[in-house]
Amino acid sequence: MNIFTTKFYLIGLTFFIPTILEAQKKILILLGSPGSGKGTLVEYCKQFNFTVLSTGNLCRQEIASKSHLGQQIEYYSMTTGLTPDNIIDEMVETWLDKQVESETIIFDGYPRTKDQAERLSNYLQTKMPDSQLDIFYLESTDDEELVQRILNRLVCENKQCQAVYNRRFTNSQSCKKCKGILIQRADDTEHIVRLRIAGFIQNNLEIIDYYNKLGIPVKRILVSNVTPEEVFERFINFIELETKSNKNSLEKNNEDL
Ligand SMILES: [Zn+2]
């Protein structure tokens with residue numbers, strides 16, 4: 001390579017590198033127990049162009065579409081109330097296959113177990129090798145607060161809506177969005193809620209341990225005794241910091257050239 005082609009080569013590279021980094025897919029994973037405010041955080045994030053993966057919504061869509069997967073999910077939700085992991089995994093992967101255009105995807109409620117986290121890693125390695133994982137744990141230091149949040153939770157009865165309200169903040173009997181009746185979920189009884197939270201915490205700790213071993217640090221956001229706005233602020237700060245440090249290393253890369 002003579003000196004002129006070297007120069008052109010470098011100029012080409014300088015333009016090329018930022019393009020690769022900008023096109024990199026970002027995957028934000030939210031871990032946290034029921035009542036930790038994952039859903040509310042996702043609501044706040046709607047102002048950005050994030051694509052949201054909500055396994056709950058996906059299940060409802062599959063059931064409504066009467067697909068083979070949907071029929072299986074419906075069967076389990078009518079009988080055991082719990083859809084096996086492999087069915088959820090298949091549903092998530094089919095959905096991810098279609099997310100070619102999405103730049104940032106936020107995962108609400110997935111993965112729920114270490115096995116699912118491992119399967120997701122395999123999927124990303126083969127199908128989205130240049131994606132960047134960013135994991136957040138909405139951590140509670142007060143389990144009692146989580147229990148009370150869920151026990152005070154009211155859900156819109158309309159299956160298409162399912163908006164969530166808190167009894168402490170609303171006196172209304174009907175949904176603001178669709179006028180559906182607000183009910184307490186049948187499985188939101190105190191005993192079941194406590195068991196569910198304990199199970200979630202155990203699973204989350206295993207997932208965090210798994211990612212730590214992979215060398216992907218999990219960012220902890222404390223959710224006890226803080227408002228949803230403060231949780232959102234901390235989350236955004238993390239993302240901005242990351243964007244800034246990516247930008248700095250990118251500028252440094254360019255200087256090096
Ligand atoms: Zn509603």
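Contour minus end-to-end for N152 and Q47, with contour as 0.36 nm per residue of separation and end-to-end as the Cα-Cα distance?
That pair, N152 and Q47, stretches by 35.1 nm at full extension.
For the stretch 37-159, just run the numbers: alpha carbon Rg, then divide by 2.2 N^0.38 Å, N being how many residues it has.
For the stretch 37-159, the normalised Cα radius of gyration is 1.15.
Based on the Cβ-Cβ distance from K98 to N122, what FRET efficiency comes out when R0 is 25 Å, to the nearest 0.05?
So the FRET efficiency works out to roughly 0.85.
List the aspartates and glutamates whose Cα sits under 15 Å from the Cα of K177, skipping any in the same chain fewer than 8 residues away.
E43, E157
Under a plain spin-label model, where a point goes 7 Å from the Cα along Cα-to-Cβ, how far apart in nm are K177 and E240?
Taking the simple label geometry, K177 and E240 are separated by 2.8 nm.
List every residue whose amide H lies under 5 Å from the amide H of L222, counting only residues 5 or more places away in sequence or on a different chain, with H placed 1.01 Å from N in the peptide plane.
E139
With label points built 7 Å along Cα→Cβ from the Cα atoms of D85 and A64, find their separation and express it in nm.
2.9 nm
Which order do the peptides 195-207, 25-37 take when ranked by the mean count of other beta-carbon atoms within 10 Å per residue, highest first?
Output ranking for 195-207, 25-37: 25-37, 195-207.
Can you order the peptides 51-58, 176-183 by their average number of other Cβ atoms within 10 Å per residue, highest first?
Ranking, from highest mean packing down: 51-58, 176-183.
Structure shown: which of K46/K213; K25/K179; K46/K219; K46/K244; K26/K176; K127/K159 lie over 30 Å apart, alpha-carbon to alpha-carbon?
Distance filter (> 30 Å) returns K46/K213; K25/K179; K26/K176; K127/K159.
Tell me the Kirkwood radius of the stretch 90-178: reciprocal of the mean inverse pair distance over distinct alpha-carbon atoms, in Å.
When all Cα pairs of the stretch 90-178 are included, the Kirkwood radius is 16.5 Å.
Restricting the count to DSSP beta bridges whose residues both fall in the stretch 124-257, what percent are antiparallel, rounded to a multiple of 5?
55 percent
Mind ordering 39-46, 78-85 by average Cβ neighbours within 10 Å, highest first?
Those peptides, ordered most packed to least, come out 39-46, 78-85.
Which percent, to the nearest 5, of DSSP beta bridges fully inside the chain are antiparallel?
DSSP beta bridges in the chain are roughly 20 percent antiparallel.
Could you tell me the distance between the Cα centroids of the stretch 173-206 and the stretch 106-169, to the nearest Å?
Between the Cα centres of the stretch 173-206 and the stretch 106-169 lies a distance of 12 Å.
Using only Cα atoms, what is the ratio of the radius of gyration of the chain to 2.2 N^0.38 Å?
In units of the globular-protein estimate, the chain measures up at 1.17.
Every number in this text was worked out from the coordinates using simple rules, so none of it is lab data. What you see is a predicted model; the values in this text were computed from it and never measured. Quick reminder, even Gly has a Cβ in these numbers, built from the backbone with ideal geometry, and neighbours come from all protein chains shown.
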